[in-house]
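Nothing in this text is a laboratory measurement; each read-out follows from the coordinates by a stated rule. All figures in this text were calculated on a predicted structure; none of them were measured in a lab. With ideal geometry, Cβ positions are generated from the backbone for all residues, glycine too; neighbour counts draw on all protein chains shown.
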Amino acid sequence: MEQAGAGEFDEFVTARWPVLLHLARLLVGGDRHRAEDLVQDSLVRLWFVWPKIAEEAPEAYVRKVMVRAAARSGRRLWWGERPVERLPDVAGAGDVSADVAERSRLEAALARLTPRQRVAVVLRYYQDLPERQVAEALGCPLGTARSHAARGVARLRLLLADVVEPVR
């Protein structure tokens with residue numbers, strides 16, 4: 001890829017990384033490390049087709065790659081993780097425990113859905129995509145995508161039924 005194209009790619013990655021990472025976390029059920037791997041793998045695939053995709057819809061392309069990879073990865077039994085002797089240091093932040101707890105509950109509930117239900121719910125309600133685009137991303141008929149989304153939302157309601165609105 002030429003230098004100008006590489007600069008545009010870098011700008012795209014810098015601008016869209018947080019959004020793509022958040023989407024990936026939802027797609028993989030909250031595991032930050034798997035989400036980062038998913039985004040990076042998807043961006044590598046984008047890099048190879050960047051000259052063709054750059055002027056059209058690179059984010060839609062990455063989203064489609066991420067959705068398909070997340071659906072495939074849900075069937076994987078082993079991730080190749082290895083234990084280490086020392087854990088890396090974690091940067092401290094202000095008190096965001098309530099937000100983190102709520103996000104963790106949602107991610108845990110999403111992780112209990114089937115991979116296709118999780119993808120359908122995230123794309124339809126988080127990404128606010130039309131049902132037809134969700135069906136295209138899943139590679140299934142429109143009715144099947146609707147069914148996955150409806151069953152996923154119903155299951156989330158059951159899993160999160162004990163939620164009490166926080167007092168602010």
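Model label points for ASP41 and VAL84, set 7 angstrom from Cα along the Cα-to-Cβ axis, are 2.0 nm apart.
The stretch between THR144 and GLU8 holds 45.2 nm of extra length on full extension. This uses 0.36 nm per residue minus the Cα-Cα distance.
Site pair ARG68 and ARG151 shows an inter-label distance of 2.3 nm when each label is modelled 7 Å from Cα along Cα→Cβ. Counting Lys and Arg as +1 and Asp and Glu as -1 over every other residue whose Cβ lies under 11 Å from the Cβ of LEU160, the net charge comes to +2. Modelled spin-label separation between GLU55 and GLU136, with each label point placed 7 Å from Cα along the Cα-to-Cβ direction: 2.0 nm. Be a star and scan the stretch 123-140 for residues whose amide nitrogen sits under 12 Å from the point 7 Å along the Cα-to-Cβ vector of VAL19. Backbone N within reach: 127-128.
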